[in-house]
Every structure is written in C-alpha cells, then in structure tokens.
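Right, one structure below, let's go through it.
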Amino acid sequence: MSDIAAPPPPDTPPLSSPLLPSSPPPPSTAGPLHGTGRLADEFFLTAHDDVSGKPRLADRLLGLGLAGALLGELAMQDRIDLRAGAVSVVERTGTASAPSEALGARMFEYLRAEEHPVRTWLAFFAQTARDDVAARLVDAGLVARHGRKRPWQAGGWTPTSANAAVLPAAQLVTRLVRGRPLSEQQTVLAGLLRATGLDQAVLWEARHSAPDAVRHLGEAVAALKPPLAELIGQTQAAVGAAVASHRT
C-alpha cells in the first residue's frame, strides 16, 4: 500500500526481500512428511493443487487469504490484538517481544511502527504474501520453485510431496467427518477457507459425509477468541470487496 511508509531501520530488508536466515532451522518434526505447523504454510498448501501447484484462487484473493493467515499466526501467539477493525501490537515484558521466526518478525516490526486498520494491513501484506510464504516452504523442503513453461506464463511452486501438500486439508476433513473437535489452528484455517471461498472445493467430502459438522463451522469460528474471529471477518470482508471491485 502506498500510504504505508516502510518502518524498518535502514539495516533491515523490506518485507518483499528474502526474509529467512541463511542457516537452516533446528531439527524438529517439521519437514516434507509433517509440514511446518504454521497456519500460513497450511493455507498456502491447501490453496494450491497438491500435484501441479496450480493456485485454486485468483492472485488477489490468494494474497488476502495468505495475509490473513500470517496475521493469524501472530494473533494465535498473542503478539497482536484485533478489535473493531483495528490492529494493535501486544508488547511483552520479561520475554522476547518480536517473534523468532523471520517472516513473522518482519511483519511484527511493520505493525509496531505504524497504526492502520486491519483491511489496510491485509491489502499491504497481500502484495508479497505468496512469495514470502513460498520462500518459507522452499526452505522447509515442502515446495520447489519451477520456471515458466511458456514465455508469457509466470513461474510458480510445485509441492515436493503430494501427501505432505494435502495433509492440512486431509486432517481437517477427517476431523469433521469423524465428528472430532478442531484445534484452534484448524478452526482458523477453516474460517479462512470460508472467507476466501476455498471451502467449497476443499471441504466437499465433509459436506457430503458430515453436513451438520460443516454447517456448524460458522459457530466454531465465532467461538474463537475475539482477535481471531475479528481477523476472519475482516478477511472475508476484504475478499468480498475485492470480488465486487473486479466485477465493476
């Protein structure tokens, strides 16, 4: 967004530049078979075909969904608060204030430096969200960059494992079909799928096998802690506005 001045000091790169540390993350369960456990990574994988990597949403809507998921990561960590269309940073005492993860830390610095409505931040972060999250997934070994097949086509990212790529959606659908409660992160993911219209394609099996569970997703989203419910509502409004502006 042109009305947001770049707040990081001169020795820090802008949001759209490579954000990940040169050294690999410490060993954990994250990886091609398990995923990273991060909300935006799961939304990215769910929003792309698990084999070809082709996006399931228009670029603008995909960017807004990913921006919502990235803000959701900060909200679930209680780093930011969202109420009445506004975002505020939660300053901590006695512990590290900014997230340790590079992309989240860069976003946190933007949010701490300036105050803007949620919708403005969604539009701003949406501009680079796909590239930023893809870089994080490349570093984790979950997707690989592929070049253009034709001169007029843009490059993209292909999952390194179809099983890993489909895992977030498969786990969500399985829990819905079996009537099991969703985790907070799964509920936020489901809310963002609904907000962007992806739920129609992703949750079709659950809608057929467990229609009541899918119908009650709205109640589950509304029962989230207020900042997360606010984020999903604001993301849905931003997507609706983007769709409406495209039609006019």
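What to note about this one:
- Residues located in segment 77-106, provided they are in contact with a Lys or Arg (Cβ under 9 Å, 6 or more places away or on another chain) and assigned to a helix (DSSP H, G or I): A102, L103, G104
- Residues satisfying the stated conditions in segment 193-202, i.e. open to solvent by 30 Å² or more (accessible area, probe 1.4 Å) and outside any helix (DSSP H, G or I): G197
- Cβ pairs under 8 Å, 6+ apart, first in segment 73-91 and within 16 Å of R119 (Cβ to Cβ), second open to solvent by 60 Å² or more (accessible area, probe 1.4 Å) and not in a strand (DSSP E or B): L82/P226; R83/P226; G85/R119; A86/E115; V87/E115; S88/E115
- With respect to the stated conditions, A98 fails to be modelled with pLDDT of 95 or more, among the hydrophobic types (A, V, I, L, M, F, W, C) and open to solvent by less than 60 Å² (accessible area, probe 1.4 Å).
- If the condition is being basic (K, R) and either surrounded by 12 or more Cβ atoms within 10 Å (Cβ to Cβ) or touching a Gly at 6+ places or on another chain (Cβ under 6 Å) (or both), then segment 214-248 contributes only K225.
- One residue from G179, G191, G197 being of a type in the set (G, A, S) and more than 17 Å from the chain's Cα centre (by Cα): G179
- Checked against (1) closer than 19 Å to L137 by Cβ; (2) at pLDDT 95 or above; (3) out of contact with any Asp or Glu (no Cβ under 8 Å at 6 or more places or on another chain), D81 passes all but a single condition, namely (1).
- Condition check for A140: over 16 Å from L74 (Cβ atoms) and open to solvent by less than 10 Å² (accessible area, probe 1.4 Å): no
- Sole residue being among the hydrophobic types (A, V, I, L, M, F, W, C) and touching a residue at least 40 places away in the same chain (Cβ under 8 Å), chosen from L182, L167: L167
- Among the residues of segment 54-101, those that are of a type in the set (D, E, K, R) and more than 19 Å from A241 (Cβ to Cβ) comprise K54, R56, E73, D78, R79, D81, R83, E91, R92, E101.
- Qualifying residue in segment 226-244 (condition: more than 24 Å from A67 (Cα to Cα) and either among the hydrophobic types (A, V, I, L, M, F, W, C) or touching a residue at least 40 places away in the same chain (Cβ under 8 Å) (or both)): no
- Residue in segment 66-73 that is at pLDDT 95 or above, in a loop (DSSP other than H, G, I, E, B), buried (at least 17 other Cβ atoms within 10 Å of the Cβ) and touching a Ser or Thr at 6+ places or on another chain (Cβ under 7 Å) present: no
- Members of segment 178-192 that are open to solvent by 60 Å² or more (accessible area, probe 1.4 Å) and in a helix (DSSP H, G or I): E184
- Of all residues in segment 15-47 being closer than 24 Å to A229 by Cα and open to solvent by 10 Å² or more (accessible area, probe 1.4 Å), the one that is modelled with the lowest pLDDT: T36
The values are calculated or read from the model by the stated rules, or taken from the named source; none is laboratory data. These figures come from a predicted structure and were not determined experimentally. Please note: Cβ atoms are built from the backbone with ideal geometry, for glycine as well, and neighbour counts cover all protein chains shown. Each accessible area value is taken on the protein alone, full model and side chains, heavy atoms only, with ligands, DNA and RNA left out. Shrake-Rupley method; radii C 1.70, N 1.55, O 1.52, S 1.80 Å.
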